[in-house]
Structure formats: C-alpha cells, structure tokens
Amino acid sequence: MLVTGRILREESFKNLRDFVYEQSGIFIPDTKKYLVEKRLAGRLQVNHLQDFDQYMELLHGRRYEEEIGPLLDAITTNETYFFREPEHFTIFSGHIVPELVRRNGMKTAINIWSSACSTGEEPYTLAITLKEKWLGLKFNILGSDISNSTIESARKGLYNSYSIRNVPEQYISRYFSFKQDACGYELSPCIKELVRFMNINLVNGRRAGFPMGLDVIFCRNVLIYFDIKSKRRAVSNMYDSLKPGGYLIIGKSEGLHDITRAFKPVIIDNTIIYQRTM
Ligand SMILES: C[S@@+](CC[C@H](N)C(=O)[O-])C[C@H]1O[C@@H](n2cnc3c(N)ncnc32)[C@H](O)[C@@H]1O
C-alpha cells in the first residue's frame, strides 16, 4: 500500500465533505481536513484501497449501503458523559416535569426524546433522574443517533470511568456494577430497560420513523456540527415532533438565534431552554 495514498488531496477532501454533508448535515470546515484524513484512514485500510478517490468511488457504487454506516461512525464526534451540563437535568426534574404533571396528571406518560444520544449517557441520565425524583411517574424515553456503532454501545450499557465521573456516588453504587473482565461499569438492567434506541438522522427531509407527540426533546451538542441549513432542517423536524407547549433543550454553547422563531426562549436559573409555542 502506498503511504502517499493516505494523503487527502484538496479536491478529494471537497468531494468527501460534500458527500458527508448530504448524508448527515454535518459541515466539515477546511480547518478540519486533517481530522477527515485521520478518521478515514482506517476505512481505506479495511477496504484495501489505495487512496481517497477510490473510497469515493466505493461510496458512490454498489457498496454504499455497506459503507455509509462505518463512514458516519468514523466521521461523527461522539463525546458524551453522564450528567453532562447538569443544570439541564435539574431544570428537567424541577421545572419541566412538575409543569407537565400539573398539565396532564401523574397517570399520563411523559414522552422524552434524546435525539443525538451518542453512546446513551444522556437518555440514561434522564432515566436515572426520573427514577430517583419521580417515583410512580409514567414515562417513555427514546434515544437515537445517526451512528450505528454508538447505538450498539448504548444498548450494551457498559461505561468507563470517564463516562461516569459526574455521577453522584450514591447512584454509582445503586445503578452500576464494576465488571473486572470488561474493565468497565455495567449499567443496571433496571435503568437500561427504561430506554429504547433507534437510528434517526435529524436532518432527514422525509421524517420517516420520527417520533411524534413528544413532551421534551434533548438535542445537545450536535447542532454545532451543522451549517445553518442543516440546523434549520433538524430544528424544524423536532418542532414537528413536539406537542404544542413541549420543550426543546439544546447544548449550553448552542442557540436558536437565526434558526427559528417558532420556539419561545424560557430562562430558568440563568439557563435558556426553548418551548414550542402553543
Ligand atoms: C457530541 S455528541 C452529543 C451527545 C449528547 N447529546 C451530549 O450532549 O452529551 C453528538 C452526536 O450527534 C450525532 N449526530 C451527528 N449528526 C447527526 C444527525 N444528522 N442526526 C442524528 N445524530 C447526529 C453524532 O453521531 C454524535 O453521537
């Protein structure tokens, strides 16, 4: 294999970037060319290819179905951990859930979607929070992501110490058990069974398979990877999935400014969350 083949030429980079954008809405700036090169080198190796042009040919050919998953797995940034941006979980259980219970009573299930959930820490944090703070409340939690490998990992529910570093000590002893052979912490089945997972592409224009009638959507730390057009498409998809009056929670470094006016910003404890207008 030619070592020079692994160097991503400018034109090949632009072709790959366009392809990734069409498939996922993720926009890769020029400054991230090195990252594409690094992340996709393994795909060249696995497929016994000499260079990125051959890889593009493969993606445009009959092996598209087989390769699109691994490509997205390699290109997406999946950083996450339990109780990330903890204010959101405090607001969720201290403000949003009480409001929904006042509106609908304890007997109506609350429907929650963690829409770019990576390896599952976010929806499982929601499950732990509800189990701890809202005993007896009915709820459904869906976790989804565009990356198949993260969903597989979420279903397994095995985590390293980095992932659980923000979990309060009493929850670690209650919901995790250390597995020597796997060198990781296994999440208890009593939490795992509270979340179901599926693959959903947030920028999909067809909306096939999107959940509907939701009360709360967590969509954190993914809009940052999109350009304005993809952000608008993703947010509009989530708007359609929410019930009127439902809440959208995005990452603390993200905003809906310039994207939509269909949501009302609500400030709670110095944190902005968004409510779908009634
Ligand atoms: C940085 S992680 C955020 C995980 C979690 N929400 C958090 O805040 O900790 C971003 C996730 O968005 C996913 N993603 C990227 N593009 C997506 C798309 N078009 N549809 C759904 N998920 C996408 C990635 O696969 C990745 O797992």
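The requirement of being without any contact (Cβ under 8 Å) to a residue 40 or more places away in the chain, closer than 18 Å to ASP145 by Cβ and in the same structural domain as ILE110 (by TED's automatic domain parsing) is not satisfied by PHE226. Of the residues making up segment 131-160, those that are of a type in the set (Asp, Glu) and out of contact with any helix residue (DSSP H, G or I) (no Cβ under 6 Å at 6 or more places or on another chain) are GLU132, GLU152. The listed residues are TYR185, TYR171, and the only one of them that is in contact (Cβ under 8 Å) with a residue 12 or more places away in the chain and either loosely packed, with under 15 Cβ neighbours inside 10 Å or under 17 Å from LEU126 (Cβ atoms) (or both) turns out to be TYR171. Out of all the residues in segment 231-242, is one or more of a type in the set (D, E, K, R), within 9 Å of the ligand (Cβ to nearest atom) and crowded, with 22+ Cβ neighbours inside 10 Å? Looking for residues that are of a type in the set (D, E, K, R), within 9 Å of the ligand (Cβ to nearest atom) and crowded, with 22+ Cβ neighbours inside 10 Å, one finds none in segment 231-242, hence no.
Checked against (1) of a type outside the set (S, T, N, Q); (2) in a loop (DSSP other than H, G, I, E, B); (3) within 10 Å of the ligand (Cβ to nearest atom), ASP73 passes all but a single condition, namely (2). For the criterion of being away from the ligand (no atom under 12 Å from the Cβ), polar (S, T, N, Q) and surrounded by 16 or more Cβ atoms within 10 Å (Cβ to Cβ), SER12 passes. Does segment 52-70 include one or more residues that are within 16 Å of the ligand (Cβ to nearest atom) and of a type in the set (Lys, Arg)? No, every residue in segment 52-70 fails to be within 16 Å of the ligand (Cβ to nearest atom) and of a type in the set (Lys, Arg).
ARG220 passes every criterion in (1) farther than 23 Å from PRO98 by Cα; (2) within 16 Å of the ligand (Cβ to nearest atom) apart from (1). In segment 208-217, the residue that is farthest from the ligand (Cβ to nearest atom) out of those that are more than 15 Å from the chain's Cα centre (by Cα) and modelled with pLDDT of 95 or more is GLY213.
The values are calculated or read from the model by the stated rules, or taken from the named source; none is laboratory data. Quick caveat: nothing in here was measured; it's all calculated off a predicted structure. Neighbour counts are summed over all protein chains in view; Cβ atoms, including those assigned to glycine, are modelled from backbone coordinates with ideal geometry.
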